[in-house]
Amino acid sequence: MFTSLHVEERTLFKKLDINLIIVILALNVIGLINLYSATHGPTTVDVASLFISQIMWLAVGWTVFLVVTLLDYSVVSRIALIVYVLNLGAILYVTFFGKVALGAQRWIDLGFFRYQPSETMKLALIMLMAKILATRNTHGPGMGLKELIGPLIALLIPFGLVVEQPDLGTAMMLAAIGGSMLIFAKIRKSILATIIVLGIIALPIAWKFVLHDYQKNRIFTFLSPASDPRGTGYNSIQSKIAVGSGRFFGKGFMKGTQSQLEFLPERHTDFIYSVLSEEHGFVGSIAVIGLFAFLFITGIRIATNARDKFGALLTVGVLCYIFWHMFVNIGMVIGLLPIVGVPLPLLSYGGSSMLTTMAGLGIVSSVAYRRYLF
């Protein structure tokens, strides 16, 4: 009996994608080290508890990861629409009764936790779009307009609701994730070209009637942050100072002046990469990007070896989720993109973001685990 259990444990361990687990753990550890520094400056005693909270969210996140790994990801197909509708309901609730913070109404205050439905909506969208696209025939020239109606409706409804909050950063993430999945699933070139043209035409309309004044100011600030160094340009300027002052090897752990002296805003969330760059320099920054690259390579391999199209689409969706967050966050803190509220996956502080990311990676792990089960 002992031998049987021992063999079963070895088989279970063998089915897990160890490369995926190791790279996630590595990013988690770097994130905790970085967060400890960001929340333990000389006058940041009040936010030191965020570090403990993040450890708790990581523990819950890894529990979710392991549970989802052991579940057959085919369950996702059965619950995708339910999860999607529940998230839509939560977003509608936020619109009328949500907690207002930083000028936007995005959170549901649960007392012990501020839940952000638009964050979990990203995973719900991935699940539903993977379910829909898995049934589409993508051979030949790709999907036509008729095949695109379903996934486009699934994308546009939450996009419009999140824009209304207003949370343009999260809305753009939804669009980027959904759009990437559509391109991966293959759509006709003529339709893709039409969508791009319509998007370009829509830009001046969105500028005039959709964007709020503070969102327009963010774009102006991105183009010329020095025009208002103590106002709208402050965040961008301080972030670039932090990144640049780290030079090649960085100033050392907890020795970053911009973060420790609190010149750097939101250093535990949106600007966590600035803290990393200042204290660990170019070497530390590139090391983190390298770990993300390894995560993407591992994910692509899992998608390629998935037992079915649905599993491949789920994996690609989660990879798109992580990639676009990483791309926008890092581009934002180094001054290549406008400042938007987009966290860096696995490194930034935040319960909703951490749980969503770990649940998504758990789905990827489940796809990898099930490639042995035929």
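Things to note:
- Entries in Lys15/Lys131; Lys186/Lys208; Lys216/Lys240; Lys15/Lys122; Lys131/Lys208; Lys122/Lys146 that, when Cα-Cα distance is taken, lie over 30 Å: Lys186/Lys208; Lys131/Lys208
- Average projection, convex hull of the Cα set of the range 174-241: 6.4 square nanometres.
- When a 1.4 Å probe is rolled over the protein heavy atoms, the share of accessible surface on the chain that falls to carbon and sulfur comes to 71 percent.
- Accessible-area ranking of Tyr73, Tyr115, Tyr36, largest first, probe 1.4 Å: Tyr36, Tyr115, Tyr73
- 222 nm mean residue ellipticity, helices alone, for the chain (DSSP H n ≥ 4; -39,500 (n - 2.57); rounded to 500): -23500 deg cm²/dmol
- Mean accessible surface per residue for the range 158-261, computed with a 1.4 Å probe while every protein chain stays in place, in Å²: 59 Å²
- Fully extending the segment from Gln215 to Ile201, taken as 0.36 nm per residue of separation minus the present Cα-Cα distance, adds 3.1 nm.
- Surface accessible to a 1.4 Å probe, Lys309 within the full protein complex, Å²: 70 Å²
- Solvent exposure ordering (accessible area, 1.4 Å, most first) of Glu164, Glu119: Glu164, Glu119
- Taken along the Cα-to-beta-carbon direction at a fixed 7 Å, the label points for Phe248 and Val29 span 2.6 nm.
- Maximal additional length on extending the Phe263-Ser190 stretch stands at 21.4 nm, based on 0.36 nm per residue less the C-alpha distance.
- The separation of the range 223-288 from the range 60-100, counted between C-alpha centres, amounts to 34 Å.
- Accessible area, probe 1.4 Å, largest first, for residues His325, His268: His268, His325
- One entry in (i) 21.9, 66; (ii) 21.2, 74; (iii) 20.5, 63 is Rg and Dmax of the Cα atoms in Å calculated from the shown coordinates; its label is (ii).
- Under the span-like rule (Cα at least 18 Å along the axis, Kyte-Doolittle mean at least 1.6), DSSP H helices of the chain: 18-38, 49-70, 74-97, 145-163, 168-185, 189-209
The values are calculated or read from the model by the stated rules, or taken from the named source; none is laboratory data. Nothing here was measured: the structure is a model prediction, and the numbers come from that model. Here the Cβ is made from the backbone with ideal geometry for all residues, glycine too, and neighbour counts use every protein chain on show. All accessible areas refer to the heavy atoms of the entire protein, side chains included, with ligands and DNA or RNA removed. Shrake-Rupley method; radii C 1.70, N 1.55, O 1.52, S 1.80 Å.
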